[in-house]
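**Q** Have a look at this one.
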Amino acid sequence: MTASNALLETVKAAYARYEQEAGEFLHEYTAAGNQVYCGAGCFGCCNMPIRLSLAEAALVASVLTPEEARKVERHARKVLHNARTAPDEDEYVRRHRLKVGYCPLLGADGACTRYEVRPTRCRDTFSAMSAVYCQEGTWEGMTKPERREYQREVRRTPGTDGETHFIAPLEALSEPVWERCSRAMRREWNLEAWGDFWVLTTLAARPAFMAAIARGDKGAALREARQAGLEHPELIEFA
Ligand code: SF4
């Protein structure tokens, strides 16, 4: 039992819509003289924690080879270990970036090997300033004057929210993707499941887990996750 084609097509359609709208925004943004610092081979954000819907995870799981799925599961178990041992959210993120490390779907050339099905969060993260600011340790390594200069530069840069160097409207454009995933899960499963990218992608490939999801049986799905050693209250959440 896996997700239906209808559900996977809904996710793909939501992504296609996002790509079109984001493309239009980027066209206008760059035509106005602004620069986007992301591009092929830039992977500074690929060691960040990623949250997504089970609908999106099911799409990723549907295309992975057995070897890729094994790598994703190994990563998921490192994510779980971090979630179970990190003392707080900041340390969780720091360890995720430094110790859990880069996404196993990142290729040796620095490009995403599953670009066509990458999650919403991977799609909507664009930098309006040098990609060095996306790298773990950059902010921590800055002196106080450097941090003040960074904040001034962020406020001067069009498209940011004034707090960080990411392009805020492109993040906002992903809201309809989340909403479409939410509705599709409700329609298909009578529940919503959200959580960690690698944990949910691993679970989405497990027939017993997905059979419980298809029945709308949250308790059975959690039992399956527990049996697989993949349960965590913040890495898998039901609504
Ligand atoms: S799915 Fe692709 S873009 Fe997203 S974190 Fe992994 S390698 Fe990076």
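Rule-based calculations on the coordinates, nothing more; no lab input. Computed from a prediction, not measured in an experiment: that's the story for all the values here. Here the Cβ positions follow ideal geometry from the backbone for every residue, glycine too, while neighbour counts run over all protein chains shown.
**Q** Please verify whether the stretch 42-56 includes one or more residues that are within 11 Å of the ligand (Cβ to nearest atom), touching a helix residue (DSSP H, G or I) at 6+ places or on another chain (Cβ under 7 Å), in contact (Cβ under 8 Å) with a residue 40 or more places away in the chain and in a helix (DSSP H, G or I).
**A** Looking for residues that are within 11 Å of the ligand (Cβ to nearest atom), touching a helix residue (DSSP H, G or I) at 6+ places or on another chain (Cβ under 7 Å), in contact (Cβ under 8 Å) with a residue 40 or more places away in the chain and in a helix (DSSP H, G or I), one finds at least one in the stretch 42-56, hence yes.
**Q** Can you report the number of residues in the stretch 7-41 which are in contact (Cβ under 8 Å) with a residue 12 or more places away in the chain, over 22 Å from the mean Cα position of the chain (by Cα) and assigned to a helix (DSSP H, G or I)?
**A** Qualifying residue count for the region: 1.
**Q** Separate question: Got at least one residue in the stretch 121-129 being in a helix (DSSP H, G or I), in contact with a helix residue (DSSP H, G or I) (Cβ under 8 Å, 6 or more places away or on another chain) and more than 10 Å from the ligand (Cβ to nearest atom)?
**A** No, the stretch 121-129 contains no residue that is in a helix (DSSP H, G or I), in contact with a helix residue (DSSP H, G or I) (Cβ under 8 Å, 6 or more places away or on another chain) and more than 10 Å from the ligand (Cβ to nearest atom).
**Q** A follow-up question, please. For the stretch 213-239, give me each residue that is among the aliphatic types (A, V, I, L, M), more than 12 Å from ALA193 (Cβ to Cβ) and in contact (Cβ under 8 Å) with a residue 40 or more places away in the chain.
**A** Of everything in the stretch 213-239, just one residue is among the aliphatic types (A, V, I, L, M), more than 12 Å from ALA193 (Cβ to Cβ) and in contact (Cβ under 8 Å) with a residue 40 or more places away in the chain, namely LEU230.
**Q** Please state which one of ALA168, ALA225 is touching an Asp or Glu at 6+ places or on another chain (Cβ under 9 Å), surrounded by 14 or more Cβ atoms within 10 Å (Cβ to Cβ) and over 30 Å from ALA16 (Cβ atoms).
**A** Of the residues listed, the single one that is touching an Asp or Glu at 6+ places or on another chain (Cβ under 9 Å), surrounded by 14 or more Cβ atoms within 10 Å (Cβ to Cβ) and over 30 Å from ALA16 (Cβ atoms) is ALA225.
**Q** Something else about it: Looking only at the stretch 100-110, count every residue that is on the phi < 0 side of the Ramachandran plot, more than 8 Å from the ligand (Cβ to nearest atom) and either assigned to a loop (DSSP other than H, G, I, E, B) or loosely packed, with under 14 Cβ neighbours inside 10 Å (or both) and tell me the total.
**A** 2
**Q** Quick one: is THR113 of a type in the set (Ser, Thr, Tyr), touching a residue at least 60 places away in the same chain (Cβ under 8 Å) and within 16 Å of the ligand (Cβ to nearest atom)?
**A** Criteria not met by THR113.
**Q** Let me ask something else about it. From TYR29, TYR37, TYR92, which residue is under 30 Å from LEU191 (Cα atoms), surrounded by 14 or more Cβ atoms within 10 Å (Cβ to Cβ) and out of contact with any Cys (no Cβ under 6 Å at 6 or more places or on another chain)?
**A** Of the residues listed, the single one that is under 30 Å from LEU191 (Cα atoms), surrounded by 14 or more Cβ atoms within 10 Å (Cβ to Cβ) and out of contact with any Cys (no Cβ under 6 Å at 6 or more places or on another chain) is TYR92.
**Q** Filter the stretch 61-89 for residues that are in a helix (DSSP H, G or I), surrounded by fewer than 15 Cβ atoms within 10 Å (Cβ to Cβ), free of Cβ contacts under 8 Å to residues at least 40 places away in the same chain and within 16 Å of the ligand (Cβ to nearest atom) and give the result.
**A** GLU67, ARG70, ARG74
**Q** So the check is Cβ under 9 Å with 6+ separation or different chains; which pairs have a first residue in the stretch 177-202 that's free of Cβ contacts under 8 Å to residues at least 40 places away in the same chain and a second one that's hydroxyl-bearing (Ser, Thr, Tyr) and buried (at least 24 other Cβ atoms within 10 Å of the Cβ)?
**A** From the stretch 177-202, no pairs qualify.
**Q** Does the stretch 144-156 include one or more residues that are out of contact with any Pro (no Cβ under 7 Å at 6 or more places or on another chain) and surrounded by 18 or more Cβ atoms within 10 Å (Cβ to Cβ)?
**A** Yes - at least one qualifying residue is present in the stretch 144-156.
**Q** Now for a separate question. Within the stretch 138-158, is there a residue that is under 18 Å from GLU56 (Cβ atoms) and more than 17 Å from the chain's Cα centre (by Cα)?
**A** There is no residue in the stretch 138-158 that is under 18 Å from GLU56 (Cβ atoms) and more than 17 Å from the chain's Cα centre (by Cα).
**Q** Here's another thing I want to ask about it. If you take just the helices (runs of 4 or more DSSP H) that sit entirely in the stretch 171-233, which of them hold at least 2 residues that are under 17 Å from VAL60 (Cβ atoms)?
**A** It comes to 175-189, 197-204, 207-214.
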